[in-house]
Amino acid sequence: MEKIHRSRGCSFCVALALLFAYGITRVIVRSLQQVREVADDLAAGELNSMITVVGRDEASQLLKVLEATQQKLKSVVTGIHVAVDTVSSAANQITHGNADLAQRTEEQASALEETASSMEELTGTVKQSAENAGQANQLASAARAQAEQGAKWWNKPSPRWGRSTRAANRLPTSSG
């Protein structure tokens, strides 16, 4: 009978140990499943899933570490979004600045083209004026030479002039 008692007592202890092992295994498996789910969410980029930490076992500590990692990643991603918005805004400003600069450069090129055209026209006018001045100088020189020749001829004493002047002096005048 004592053997049966012992046997029943051992069976009860084994059953209790198995039940206890099953309970512990179940708690550990559930904790590890939660850790795996959180890790899967992080790997998929899901940073908004709620992590509930219950307990102080190793699995709970791992969940706390994963929660801290999730919060840090969320902070980094938010910072990246802010930086991207800033860079995007700056790129838009640069694009508008480049367009404005291109327009002003085109306007300056057009104005420079007009100035070059005006300078070309002015150069032609100055050339024409210089040619006209040269011709006028030649004509003036020729006229001067003729005038000098005429003056020499006029100032040249002629025997006829003397007789003509005396005859002119003898002509009657209307007054007398």
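The values are calculated or read from the model by the stated rules, or taken from the named source; none is laboratory data. Quick caveat: nothing in here was measured; it's all calculated off a predicted structure. Cβ atoms come from the backbone with ideal geometry, glycine included; neighbour counts cover every protein chain shown.
Rundown of residues vs (1) touching a Pro at 6+ places or on another chain (Cβ under 6 Å); (2) closer than 22 Å to T78 by Cβ; (3) free of Cβ contacts under 8 Å to residues at least 12 places away in the same chain, yes/no style:
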site	(1), (2), (3)
A21	no, no, yes
S31	no, no, no
V38	no, yes, no
A43	no, yes, yes
S49	no, yes, no
V53	no, no, no
S60	no, no, no
V65	no, yes, yes
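Whether any residue in segment 106-120 is in contact with a Gly (Cβ under 9 Å, 6 or more places away or on another chain) and surrounded by 10 or more Cβ atoms within 10 Å (Cβ to Cβ) is what I want to check. Looking through segment 106-120, none of the residues is in contact with a Gly (Cβ under 9 Å, 6 or more places away or on another chain) and surrounded by 10 or more Cβ atoms within 10 Å (Cβ to Cβ). Of everything listed in (1) at pLDDT below 85; (2) part of a helix (DSSP H, G or I); (3) of a type outside the set (G, A, S); (4) surrounded by 10 or more Cβ atoms within 10 Å (Cβ to Cβ), the single unmet condition for K3 is (4). If the condition is being among the charged types (D, E, K, R) and at pLDDT below 80, then segment 125-176 contributes K156, R160, R163, R166, R170. Look at V77 and say whether it is surrounded by 10 or more Cβ atoms within 10 Å (Cβ to Cβ), in contact (Cβ under 8 Å) with a residue 12 or more places away in the chain and closer than 30 Å to L42 by Cα. Spelling it out, V77 is indeed surrounded by 10 or more Cβ atoms within 10 Å (Cβ to Cβ), in contact (Cβ under 8 Å) with a residue 12 or more places away in the chain and closer than 30 Å to L42 by Cα. When the residues of segment 31-73 are filtered to those that are loosely packed, with under 12 Cβ neighbours inside 10 Å and among the basic types (K, R), the one that is modelled with the highest pLDDT is K72.
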